[in-house]
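Take a look at the structure below.
The values are calculated or read from the model by the stated rules, or taken from the named source; none is laboratory data. As the structure is a computational prediction, the values presented were derived from the model and not from experiment. Virtual Cβ from ideal backbone geometry, glycine too; neighbours counted across all protein chains shown.
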Amino acid sequence: MRHISLSARLPLGAVVSIALLAACSDQSSEPPTGPRIQPAASAAADQPDIEAALQAKAKHLARLMATPGVTGVGVGLNPAGRAVVKVFTERPAVAGIPTDLDRVPVAVEVTGRAYALSNPTTRQRPAPVGFSVGHPSITAGTIGARVKDAAGNVYVLSNNHVLAAGNDGLIGDGTLQPGPYDGGTDPADRIGTLSAYEVLNLGYSGYGVDPPSNLMDAAIALSTTSALGNSTPTDDGYGTPNPLIYGDATGDTLFDNPSALLGLAVQKYGRTTKLTRGQVNEVAVTIDVCYDLFCFTVGRFNDQVAVCCAGFSDGGDSGSLIVSNDGNRNPVALLFAGDGTRTYANRIDLVLRRFHVSIDGSSSPPPPPPPPAATMHVGDLDGLGTSQGTTWTAVITVLIHDAAHAPVSGARVTGKFSGALKSTSCTTGSTGVCTVTRSKLRTASASFTVSGVTHSTLTYAASNNHDPDGGDGKTVSVAKP
């Protein structure tokens, strides 16, 4: 399933109805604070098993995501604790999904489409974490956390589609608490102004066409401590989040091992469903998310975290901070979308690095990450094969990031296809993406290796290359379709 942006361009009544019906809703008799949770898997899962699953997912991702009816692919654990490749589908009996990939079992789960969550509630000063918030042109979402930069400024952390109206907002636009659907008006209910947002790369998704790549749906709005609190409500919240992210023993503000999130018990406090608990079922998730009513406009999100189960979130919970369900309350992820069985969230370590902030939480926060050096690297490397009868074409897309994981335009990428005598190149556009192809292939597979990236002001740091699909960001293989 996928994501819908709830903006003022759609009729409000229709938007709210769609969000409540299509987003993650709990139709069972269980209360939203107690969804059915699968037994937590051991955090000490067999790492070679997980590595094999990650590699299989990366190798076969393009083919799986091109299968009609498939909406997402991730890596999780089966009931026996073995790593599997999870394939999410929008309907039962989707054809063309294998039972295993390179001897790694494949588990198929019908989730429906994933939609971005938005909806709304009451006004309070200072506004607690988890309360209604929004750009003046949307309905409402959730305050995820109060975050802080190196100069001591504080900000609201939430989603782009909550604070920046899905790329339509301008820096300096008002941030309302409560959100407009809950009665918030501008300027009477301002608690801040839009300061920065990660641009959403969106496009049409059709047969043989991959939607643009994204790592996060996130934004921050400049606020004050008198307008914005740093704790969830004292009566039914989980308390104040910890400034230290989960699983960062090295203190470098990144997860030491993202795979260690598998089976982690988590909780969140959001505008609609308030305090709910779940568990991380999949990591390294690639999911297509809808950003309009009929799912014509789609963004592909890589390296996401998936939380089980239905009832963990609903419309209006977008932007909620997901933290560990223990006394530490360490930040894990930023909630942004959901389908019938899962909630999808951005890795909080990458979100905080993107904006050079830290959680302003229950103790003195660590110093925010330093400003990025003037370097760039490969942030995503994908391949897809298209058939032309007796021959086929390999299509490679390359995403170039700067040190803050922001897309870089004007970067010239050079590389070589396997078996080719000459190198080929492309130049990235405004989304940081460019494409190279090799046609009239007759081999069973082809690979492309990046040999260099040049830019007028940035230096290529190949050692920083990475790929959300599990690859090294330097070479990608494509199988004949």
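Some points to look at:
- Across region 198-225, the qualifying residues are those that are assigned to a strand (DSSP E or B) and modelled with pLDDT under 95, and the one among them that is surrounded by the most Cβ atoms within 10 Å (Cβ to Cβ) is 214.
- Summed over region 451-473, the residues that are in contact with a helix residue (DSSP H, G or I) (Cβ under 7 Å, 6 or more places away or on another chain) and within 19 Å of residue 418 (Cα to Cα) give a count of 1.
- Residues of region 226-238 that turn out to be modelled with pLDDT of 90 or more and not aliphatic (A, V, I, L, M), as a count: 6
- Which listed residue is crowded, with 19+ Cβ neighbours inside 10 Å and out of contact with any helix residue (DSSP H, G or I) (no Cβ under 9 Å at 6 or more places or on another chain), from 121, 111, 139, 99: 111
- Among (1) surrounded by fewer than 23 Cβ atoms within 10 Å (Cβ to Cβ); (2) closer than 28 Å to residue 116 by Cβ; (3) touching an Asp or Glu at 6+ places or on another chain (Cβ under 7 Å), the one test that residue 63 misses: (3)
- Subset of region 293-311 [outside any loop (DSSP other than H, G, I, E, B) and either touching a Pro at 6+ places or on another chain (Cβ under 7 Å) or not small (Gly, Ala, Ser) (or both)]: 297, 298, 299, 300, 301, 302, 303, 304, 305, 307, 308
- Number of the exception - residue 300 against (1) under 19 Å from the mean Cα position of the chain (by Cα); (2) more than 25 Å from residue 89 (Cα to Cα): (2)
- The condition of being surrounded by fewer than 24 Cβ atoms within 10 Å (Cβ to Cβ) and touching a residue at least 12 places away in the same chain (Cβ under 8 Å) holds for only one of 284, 310, that being 310.
- Residue check, residue 360 farther than 13 Å from residue 159 by Cα, of a type in the set (Asp, Glu) and assigned by TED's automatic domain parsing to the domain that holds residue 178: yes
- All told, residue 295 falls short of being over 26 Å from residue 179 (Cα atoms), surrounded by fewer than 24 Cβ atoms within 10 Å (Cβ to Cβ), of a type in the set (A, V, I, L, M, F, W, C) and assigned by TED's automatic domain parsing to the domain that holds residue 201.
- First in region 454-481 and over 20 Å from residue 302 (Cα atoms), second anywhere and aromatic (Phe, Trp, Tyr) and surrounded by 17 or more Cβ atoms within 10 Å (Cβ to Cβ), Cβ under 9 Å, 6 or more apart: 454/460; 480/392; 481/392
- Annotation note: of 242, 230, the sole residue that is in contact with a strand residue (DSSP E or B) (Cβ under 6 Å, 6 or more places away or on another chain) and either of a type in the set (S, T, N, Q) or surrounded by fewer than 23 Cβ atoms within 10 Å (Cβ to Cβ) (or both) is 230.
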